[in-house]
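Here is the structure we will look at, set down as structure tokens.
The values are calculated or read from the model by the stated rules, or taken from the named source; none is laboratory data. Predicted model only: the values in this text are computed from it and were never measured. Every residue, glycine as well, gets a Cβ built from its backbone with ideal geometry; the counts of neighbours run over all protein chains shown.
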Amino acid sequence: MSKITTAMLESIIGTIHCGYTIEMARVKDGNFNDSDCYGIVLGRHECGNNVTWEFHIEDEISYYWGHFYDDYEKALKDYEERD
């Protein structure tokens, strides 16, 4: 698994996954040896739904453990607080 770099985060923003445009991406917080190999994204769907996903990058980006929200502010709070 690759350590997530600033360039990787920048390349994720603006991409679309399952109809959600990724608006924000950051490295996951944590005290584990591999915490910097995982990240959190915030995505918005054109229908108004929002999601935060955890992700990691191997050959491609793998998104998982989604938290889905109708309310953008709740999704943004989850994005900021997820570790």
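Data table
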item	result
Given (1) free of Cβ contacts under 8 Å to residues at least 40 places away in the same chain; (2) surrounded by 14 or more Cβ atoms within 10 Å (Cβ to Cβ); (3) within 16 Å of residue 3 (Cα to Cα), index of the condition residue 21 fails	(3)
Test: residue 55 is part of a strand (DSSP E or B) and touching a Gly at 6+ places or on another chain (Cβ under 7 Å)	yes
Check on residue 8, over 10 Å from the mean Cα position of the chain (by Cα), in a helix (DSSP H, G or I) and touching a residue at least 40 places away in the same chain (Cβ under 8 Å)	yes
Selection from the range 26-56 of residues that are over 13 Å from residue 83 (Cα atoms), within 12 Å of the chain's Cα centre (by Cα) and of a type in the set (A, V, I, L, M, F, W, C)	42, 51
Top-ranked residue in the range 23-66 [being under 16 Å from residue 11 (Cβ atoms) and acidic (Asp, Glu); ranked as modelled with the highest pLDDT]	23
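Listed here are the residues, each with its yes/no results for (1) touching a Leu at 6+ places or on another chain (Cβ under 9 Å); (2) exposed (fewer than 15 other Cβ atoms within 10 Å of the Cβ).
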residue	(1), (2)
37	no, no
42	yes, no
54	no, no
63	no, no
70	no, yes
